[in-house]
Amino acid sequence: MIVVATADFELYHEVVDRLRERGVTFTTVEPDAELPDGASVVVTAPDDDLADRSAADRVTATADEARRAVDEALALLRGSEGRTVVGVDPGTRPGIAVLSGETVVAAFHVPLADAVDAVRREVADAVDPLVRIGDGARLQGARLVNDLDDVPVELVDETGTTPYLGTGARGMGDVLAAVNIARLEGERIDSREIEPTAGELQRIKDRSRRVSTDDRTIDDALARRVAAGDLTVEEALDEHRD
């Protein structure tokens, strides 16, 4: 059982709210009280001086680190190693799954432009984090690999990682694929250079025509810059108009 034992008012409420959101059974005590029977993980602030120094694992955090503290406490509770691994199913809206050991602690489905920031937030406070990116959606995947140059990244063969989705599960495929990608070993990679195919360039040009307000299609040079992640389609259209 998780016990919250802190005199830090903000940390207390942040952790308690997050535990309730997760549906986790927990209890709270004052730092100077004895821990209840069955306590296995204690969440405290750095300044809390616990009176009961039993065998329970201690997770220390500030209010700003409440999310990380809850993830760590759950990983300890479930006996996992607790390493943070982020799986990414690349695409125009990548699926992102964050695992602590074998436990999925967070999931996202975001536009490509927001994916790198989302991953960086999840690994910022982690010890020895790892990001695993699927090798599909080559252009988007290469952009993610290159933009995450300050994080350890593995490229994973994503064959078979997208599950069959039953009725009512629409939209979950990318996230579930990201979970599977996070659990597969890949090849360590620092950068990925991809030369877009003629078909990929044509799809970017077709998209530019669909989103333009004046039935405009960008040229090959601008499409290549979009493929490389240097421009969005909208920015490429603006340059084409100029």
Per q in 0.18, 0.21, 0.24 1/Å, what log10 I(q)/I(0) does a Debye calculation on the alpha-carbon atoms of region 199-242 return? -0.38, -0.53, -0.69
Under Stokes-Einstein, region 161-219 at 25 °C and 0.890 mPa s, with its Kirkwood radius over C-alpha pairs, diffuses with a coefficient in µm²/s of 161 µm²/s
Which FRET efficiency, nearest 0.05, do Arg138 and Ala169 yield, Cβ-Cβ r, R0 35 Å? 0.85
To the nearest 20 debye, what is the magnitude of the charge dipole of region 119-228 about its Cα centre, counting +1 on the Cβ of each Lys and Arg and -1 on the Cβ of each Asp and Glu? 580 debye
Tell me the per residue accessible area of the chain using a 1.4 Å probe; a whole number in Å² is fine. 54 Å²
Can you send over the carbon and sulfur percentage of the accessible area for the chain, probe radius 1.4 Å, protein chains only? 44 percent
Quote the FRET efficiency, to the nearest 0.05, computed for Asp149 versus Thr60 with a Förster distance R0 of 35 Å and r equal to the Cβ-Cβ distance. 0.70
How long are the three semi-axes of the equivalent ellipsoid for region 54-210, computed from the Cα gyration tensor as the root of 5 times each eigenvalue, in whole Å, largest first? 31, 17, 14
I'd like the distance separating the alpha-carbon centroids of region 95-170 and region 50-68, in whole Å. 28 Å
Applying the gyration tensor rule to the Cα atoms of region 134-236 (axes a ≥ b ≥ c; rounded if a/c under 1.5, else prolate if a/b exceeds b/c, else oblate), the class is oblate
Go ahead and collect, in residue order, the members of region 42-66 whose backbone nitrogen is under 15 Å from a label point 7 Å along the Cα-Cβ direction of Val24. 42-45, 57-66
Based on the Cβ-Cβ distance of Asp49 and Asp114, what FRET efficiency does E = 1/(1 + (r/R0)^6) give at R0 = 30 Å, to the nearest 0.05? 0.15
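The values are calculated or read from the model by the stated rules, or taken from the named source; none is laboratory data. Fair warning: this is a prediction, and the values are worked out from it, not measured in the lab. Cβ coordinates were reconstructed from backbone atoms using ideal geometry, including for glycine residues, and neighbour counts include every protein chain displayed. Note: accessible area is taken over every heavy atom of the protein model, side chains too, but ligands, DNA and RNA are not part of it. Shrake-Rupley method; radii C 1.70, N 1.55, O 1.52, S 1.80 Å.
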